[in-house]
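The values are calculated or read from the model by the stated rules, or taken from the named source; none is laboratory data. Keep in mind that this is a model prediction, so the values were computed, not measured. With ideal geometry, Cβ positions are generated from the backbone for all residues, glycine too; neighbour counts draw on all protein chains shown. These area figures cover heavy atoms from the full protein model, side chains too; ligands, DNA and RNA do not enter into them. Shrake-Rupley method; radii C 1.70, N 1.55, O 1.52, S 1.80 Å.
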Amino acid sequence: LIANLALGWRYFLTCAHDCGVLSAAECEQFWGWAWRTLGEVGSAQQAHQADDDPVARFLALLRGAITAGQAHVQDARTYEHPPQAQDWGWSVRDITSTRPDDASQVWTPHGSCIGYLDETRLYLEPEASYSIVQRMAEMQRAPLALTQRTLHKRMHERGLLIRQPSQRQHTVSKRLGPADTLKRVLDLAVSSLVPLYS
């Protein structure tokens, strides 16, 4: 769109110059002003569209749910608290026994479990993560306008999901927890949810 507008402006300036309405210097001055303005408008539109991006909104609401104590992520191998647990919806409290030298810490998860952390990979429970995000979105009176299936498709199109070759599903099978339970999950990089971990 910007290129089309710029081309139209260029034709207009060429016509104005050829008709003797504007000098070459004035045309260049107007061209510089128009090009800067179109760049600013394009940047503003890009930011506006990013706000409307359902994938970005899903990830932002998911981060918000974890931060607000509405959801947590477990360690993929132990189902206990993951490394840096406070960033994944857990809090720690000190448990003191009757002996002063026998104090220990207990990690407590908050809200629903929405996924599992395995080093640099995050395995999201598809239904749980979508449900908690819809609940957060409805609290803002702006529900996600995509079905769960369409959202997963958009995430895959953006390159956020890993899926098994020759499978049309957006989930993958992973063995999780101490019992090596087979689960279907969304497989994405931790950095897509928490850029700090990239």
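Considering only protein heavy atoms and a 1.4 Å probe, what is the carbon-and-sulfur percentage of the accessible area of segment 1-88?
So the carbon and sulfur contribution to the accessible surface is 59 percent.
Sorting check: for 79-92, 170-183, which peptide has the highest mean count of neighbouring beta carbons within 10 Å, and how do the rest follow?
79-92, 170-183
Only four residue types carry charge here, +1 at the Cβ of Lys and Arg and -1 at the Cβ of Asp and Glu. Report the dipole size of the chain about the Cα centre in Debye, rounded to the nearest 20.
Result for the chain is approximately 720 debye, rounded to the nearest 20.
For residue 112, enumerate residues with amide H under 5 Å from its amide H, sequence gap 5+ or separate chain, H modeled in the peptide plane.
Amide H neighbours of residue 112, under 5 Å, 5+ apart: 71, 72.
Per-residue ellipticity at 222 nm for the chain, helices alone: DSSP H runs ≥ 4 residues times -39500 (n - 2.57), over residue total, nearest 500 deg cm²/dmol?
Theoretical 222 nm ellipticity from helices: -14500 deg cm²/dmol.
Based on C-alpha coordinates, I'd like the Rg and Dmax of the chain, in Å.
25.5, 95
Could you tell me which of 147, 108, 15 has its Cα farthest along the dipole of the chain towards the positive end, charges placed at Cβ (Lys, Arg +1; Asp, Glu -1), taken about the Cα centre?
147
Quick check: pseudo-label points 7 Å beyond the Cα along Cα→Cβ at residue 26 and residue 148, how many nm apart are they?
The two pseudo-label positions are separated by 6.4 nm.
Using a simple spin-label model with points 7 Å from Cα along the Cα→Cβ vector, what separation in nm is obtained for residue 182 and residue 92?
3.8
Before anything else, pin down the relative contact order of the chain: Cα pairs under 8 Å, at least 6 apart, normalised by residue count, whole percent.
Computed value for the chain: 17 percent relative contact order.
Please give the peptides 61-74, 116-129, 148-161, 30-43 ranked by average Cβ packing (other Cβ atoms within 10 Å per residue), highest first, as a rough proxy for protection.
Result, highest mean Cβ count within 10 Å first: 61-74, 116-129, 148-161, 30-43.
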